[in-house]
Amino acid sequence: MQSLTLGYSPCPNDTFLFYPLIHRSISSNGIRFVERLEDVETLNRLAMEEALDVCKVSYHAFAYIRERYILLRSGGAMGRGCGPLIVSKRLSVPGELKRKKIAVPGQFTTACLLLQLFDPTLTELIFLPFHEIMTAVQEDQADAGVIIHESRFTYHSYGLHKVLDLGEWWEKSTGLPLPLGGIAAKRSLGAVTLAKLSAIVRASVEYARNHPTETFSYVHAHSQEMSDEVCSSHIALYVNDFSLDPGPEGERAAELLFTRGEQLGLFPSSPAPLFVPASRSLSDLG
């Protein structure tokens, strides 16, 4: 049996969709997965170090590892109405963000990339774990913060208000869904294994969506500080049809995100294909 390391976050959307795979509710096709749960920025850095065979990564981080990793077609976070929010205690409009300290959930997160795409002059950035950002803004360690994950459902309780929805900005300016994170696998695993991985993860997503109550204990074991309502809202928002397959629209969205970042010189360009092919022709994966 082939053994592969698999990294994903303890956030409800990841534990929800990987539960069937890890708990063998579906066939793993002769692959044994050794899981590692870490926050998104730790996963980004582990992937950049090639420490994991298969790993949930931010699209921003993937731009730096595109030559060595490829995105599986399933398991990613992409959609509409799910983007990072800029929140503040005192600032009200985006124009007030200039020359202000902004807390961001990691240098290689897509949230950071979107902020840079929105306004490249916003450079007073403080990098913090995502769960510390709202407290930092509340306690005036930062003038504003870019929040992700379940924080979008709870920021009001910190006395904060929305300055800008970066996902909404992206959708209005492009007409496309927002790519947030994907499941990256080492290209060196080879075409057959990569295609198998894509199919396995898709089966896991499908099983979780069809048997949501079965995942409950596992999901809540990793989100103990989150209410049932917030947990369910989180899953409903981030696990959607794009989690099964990006489709042509999702592929265009991902390519455009990288093109815009490349045009600003934020990361190097690459001709390497983004996704494992949807067809049965695997020769181009090598």
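The values are calculated or read from the model by the stated rules, or taken from the named source; none is laboratory data. Predicted model only: the values in this text are computed from it and were never measured. All Cβ positions, even for glycine, are placed from backbone atoms using ideal geometry, and neighbour counts span all protein chains on display. The area values use the complete protein model at the heavy-atom level, side chains included, leaving out ligands, DNA and RNA. Shrake-Rupley method; radii C 1.70, N 1.55, O 1.52, S 1.80 Å.
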Practice prompt. Collect the residues in the stretch 145-187 that are β-branched (Val, Ile, Thr) and more than 22 Å from Asn13 (Cα to Cα), keeping them in residue-number order.
Written response: Val163, Thr174
Practice prompt. Give the number of residues within the stretch 33-74 that are closer than 15 Å to Val201 by Cβ, of a type in the set (Lys, Arg) and open to solvent by 50 Å² or more (accessible area, probe 1.4 Å).
Written response: 0
Discussion item. Suppose we filter Gly247, Gly286 for residues that are at positive phi and at pLDDT 95 or above; which single one remains?
Written reply: Gly247
Worksheet item: Do we find a residue being open to solvent by 30 Å² or more (accessible area, probe 1.4 Å), out of contact with any helix residue (DSSP H, G or I) (no Cβ under 6 Å at 6 or more places or on another chain), within 28 Å of Pro84 (Cα to Cα) and basic (Lys, Arg) anywhere in the stretch 13-25?
Response: no
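Every residue, every condition in (1) modelled with pLDDT of 95 or more; (2) surrounded by fewer than 17 Cβ atoms within 10 Å (Cβ to Cβ); (3) of a type in the set (A, V, I, L, M); (4) farther than 18 Å from Ser9 by Cα, yes or no:
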position	(1), (2), (3), (4)
Leu85	yes, no, yes, yes
Val93	yes, yes, yes, yes
Thr110	yes, no, no, no
Glu124	yes, yes, no, yes
